[in-house]
Amino acid sequence: MQIYWYHYLAIAFFVVMNIIAVVLTVKDKKAARKHRWRVSENTLMLMAALSGCVVMYATMHLIHHKTRHPKFMVGIPLIFIAELTAAVLAVIFLFNRV
């Protein structure tokens, strides 16, 4: 299997989205402690949906942030399952083409 430039682009996208997800999660935790402007829940969920869900979920557990919110503790794993299902279906589709 040959690796094309867009494979590197996809990997870079996932890495950048995960880094941004971690930074936003930590920033929101610090802002919550200092009673300052917070990152909106919609923004955090969007970052999870843009492939940052696994690292964001792990970060939330590590820093104990939003772990009492069902929206995050149920929503992020559901996003992960949906993304994983889509990836598996894409791989099946791509490798079954003739």
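Taken together, the values in this text are just the output of simple stated rules run on the coordinates, not laboratory data. Just so you know, these numbers come straight off a predicted model, no measurement behind them. Heads up, the Cβs are rebuilt from the backbone with ideal geometry, glycines too, and the neighbour counts pull from every protein chain shown.
List of remarks:
- For the chain: relative contact order, % (alpha-carbon pairs under 8 angstrom, 6 or more apart): 25
- Backbone geometry of the stretch 26-31 corresponds, through the Karplus equation with coefficients 6.51, -1.76 and 1.60 at θ = phi - 60°, to 3J(HN,Hα) couplings of 5, 4, 5, 5, 5, 5 Hz, x marking Gly and Pro.
- For the chain, the Cβ-based charge dipole about the Cα centre amounts to some 600 debye (Lys, Arg positive; Asp, Glu negative; other atoms uncharged).
- Longest exposed-site-free window of the chain, the sites being trypsin sites (Lys or Arg not before Pro) in a DSSP loop that have at most 12 other C-beta atoms within 10 Å: 1-33
- Residue-by-residue Karplus 3J(HN,Hα) for the stretch 58-69, coefficients 6.51, -1.76, 1.60, Hz, glycine and proline x: 5, 5, 4, 6, 5, 9, 6, 10, 6, 6, 9, 9
- Surrounding net charge for residue 72, when Lys and Arg each add one and Asp and Glu each subtract one, Cβ distance under 13 Å: +2
- Residue range of the chain that is longest and free of chymotrypsin sites (Phe, Trp or Tyr not before Pro) which are both DSSP loop and sparsely packed (at most 15 other C-beta within 10 Å): 38-98
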